[in-house]
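J.: One structure follows; several queries about it will come next.
Every number here is computed from the coordinates shown, using simple stated rules; none is lab data. Please read all numbers here as calculations on a predicted model, not as lab measurements. Here Cβ is always computed from backbone atoms with ideal geometry, including for glycine, and neighbour counts include all displayed protein chains.
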Amino acid sequence: MSKGIFPQMNLNDIKNALAGWGITISSDQLKTPNPDFVEGVYCACLQQVTGLNQDSLRDPVQDALKDCPVEERDLYAAALSSNLLLYHLARFAKAARVDDFNAKDIFSPERERTIVLLSAFINFVKFTEQYCDAFLKDLKERSDSIIVQRDGIAAQLNEVQGKLDNLKARIAKDRPICEQLNAENTALTSTMFVTKDAQAKAVRDVEQYKADRNELMNRKACIETVIGTGV
């Protein structure tokens, strides 16, 4: 039988430790333990470290069975609850350096074995309170700070997303107007090029007219000169 690494406690020390958690037990309960008693005190030790108890395990069991097409669901729920509790208690016992915790320790408890387990569990809880609570508190505070930062960033993201959605809505609303303006701009551009071409042609015509006029003026001057000289 594994005895763990923690020193074995006497009955009074066990009673006082449990009393510190608000659990009152008698020496007779330790001397002649029964399943209800050991399950209750083991769960109390488990709760001190993990926060788990029978009530917190009840909802997962109900969730697991709610979609199962089985009759006598209460019977299955009781069995699943027992297995789930045994699983967590075995993990807790292993953390307390008791590697051979099993169902017999709950359903058929023995005096010496119960003392060994309670000694290991209580000492492990004290160990975590002494050496781990400060670290866990700091870790929780940092975790809370990160959660606050995450929530702040999420709020900013939602705000930016809201602005983006509003902008998209405005763009969608203004799209017909933009398309109309683009069409008008295209038409005006086409008209401008046509007008520019017409203007260029008019300029060429004017230049040609000037050239023709100058030629005629020169010819007139020549004729007048010839007439004036009598040739």
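J.: Set the Förster distance to 22 Å, then compute FRET efficiency between Ala200 and Gln180 from the Cβ-Cβ distance, nearest 0.05.
T.: Values: r = 30 Å, r/R0 = 1.38.
Once the sixth-power term is evaluated, E becomes 0.15.
J.: Please rank Leu117, Leu86, fewest neighbouring Cβ atoms within 10 Å first, as an exposure proxy.
T.: Numbers: Leu117 27, Leu86 17.
If I rank by nearby Cβ atoms, fewest first, I get Leu86, Leu117.
J.: I'd like the FRET efficiency for Ile171 and Met192, computed as 1/(1 + (r/R0)^6) with the beta carbon distance as r and R0 of 30 Å, rounded to 0.05. Write out the running numbers ahead of the final one.
T.: On the way: r = 28 Å, r/R0 = 0.94.
Between Ile171 and Met192 the formula returns 0.60.
J.: Hey, can you grab everything whose amide H is under 5 Å from the amide H of Ile23? Only 5+ residues off in sequence or another chain; H modelled, so Pro and N-termini drop out.
T.: For Ile23, whose amide H was placed from the backbone, there are no distant partners under 5 Å.
J.: Between Leu164 and Glu207, what length in nm is gained on full extension when 0.36 nm per residue of separation is reduced by their alpha carbon distance?
T.: Values: separation 43, 0.36 × 43 = 15.48 nm, distance 5.85 nm.
Result: 9.6 nm gained on full extension.
J.: Give me Ser27, Ser119 sorted ascending by neighbouring Cβ count inside 10 Å, so fewest comes first.
T.: Numbers: Ser27 11, Ser119 22.
The fewest-first ordering by Cβ neighbours comes to Ser27, Ser119.
J.: Stretch Lys31-Arg73 to full length: gain in nm at 0.36 nm per residue minus the Cα-Cα span? Before the final figure, lay out the partial values.
T.: Working: separation 42, 0.36 × 42 = 15.12 nm, distance 3.58 nm.
Full extension from Lys31 to Arg73 adds 11.5 nm.
J.: What is the magnitude of the charge dipole of the range 92-222 about its Cα centre, with +1 placed on the Cβ of each Lys and Arg, -1 on the Cβ of each Asp and Glu, and no other charges, expressed in debye to the nearest 20? Show your work: numbers first, answer last.
T.: Values: 22 positive and 21 negative charges, 159 e Å.
With Lys and Arg at +1 and Asp and Glu at -1, about 760 debye.
J.: Between (i) 88, 35, 30; (ii) 43, 38, 33; (iii) 162, 48, 29, which entry matches Cα extents along the principal axes in Å as derived from the coordinates of this structure?
T.: (iii)
J.: What aspartates and glutamates could a cross-link reach from Lys66, if we take a straight Cα to Cα line under 15 Å and drop same-chain neighbours fewer than 8 places away?
T.: Candidates past the 8-residue exclusion: Asp74.
J.: Okay, next question. Report, in debye and to the nearest 20, how large the dipole of the chain comes out about its Cα centre when Lys and Arg carry +1 and Asp and Glu carry -1 on their Cβ. The partial results should precede the final answer.
T.: On the way: 29 positive and 33 negative charges, 197 e Å.
Charge dipole, the chain, about its Cα centre: 940 debye, nearest 20.
J.: Given Cα pairs under 8 Å that are at least 6 residues apart, what percent is the relative contact order of the chain? All intermediate terms of the calculation are to be shown ahead of the outcome.
T.: On the way: 121 pairs, mean separation 58.5, N = 231.
Worked out over the chain, it gives 25 percent.
J.: Size of the dipole of the range 11-131 about the Cα centre, Lys and Arg at +1 and Asp and Glu at -1 on the beta carbon, nothing else charged, in debye to 20? Intermediate values should be presented prior to the final figure.
T.: Values: 12 positive and 17 negative charges, 90 e Å.
Using only the charged Cβ atoms, the result is roughly 440 debye.
J.: Related question: Using the Cα centre of the chain as origin and beta-carbon charges of +1 (Lys, Arg) and -1 (Asp, Glu), tell me which of Leu167, Asn102, Ser119 is placed farthest towards the positive end of the dipole.
T.: Leu167
J.: For Lys31, list the aspartates and glutamates whose Cα falls under 12 Å from its own Cα; do not include residues on the same chain fewer than 8 positions away.
T.: Glu110, Glu112
J.: Identify, among Cys45, Gly228, Pro33, the residue whose Cα sits farthest towards the positive end of the charge dipole of the chain, taking +1 on the Cβ of Lys and Arg and -1 on the Cβ of Asp and Glu, with the dipole about the Cα centre.
T.: Among Cys45, Gly228, Pro33, the one farthest towards the positive end of the dipole of the chain is Gly228.
J.: Between Glu110 and Leu11, how high is the FRET efficiency from 1/(1 + (r/R0)^6) when r is the Cβ-Cβ distance and R₀ = 25 Å? Nearest 0.05.
T.: Details: r = 15 Å, r/R0 = 0.60.
The pair Glu110/Leu11 has a calculated efficiency of 0.95.
J.: Evaluate the relative contact order of the range 11-131 (contact order divided by residue number), counting alpha-carbon pairs under 8 angstrom at least 6 apart; express in whole percent. Kindly include the intermediate steps, with their values, before the conclusion.
T.: Details: 89 pairs, mean separation 41.3, N = 121.
RCO, the range 11-131: 34 percent.
J.: Separate question: Which number gives the lysine pairs in the range 86-171 that have C-alpha atoms under 26 Å apart and are eight or more places apart or on different chains? The partial results should precede the final answer.
T.: Values: Lys94/Lys104; Lys94/Lys126; Lys94/Lys137; Lys94/Lys140; Lys104/Lys126; Lys126/Lys137; Lys126/Lys140.
Lysine pairs meeting both conditions in the range 86-171 amount to 7.
J.: Lys/Arg Cβ at +1, Asp/Glu Cβ at -1, dipole of the chain taken about the Cα centre: which of Ile177, Ala77, Met192 is farthest positive-ward?
T.: Met192
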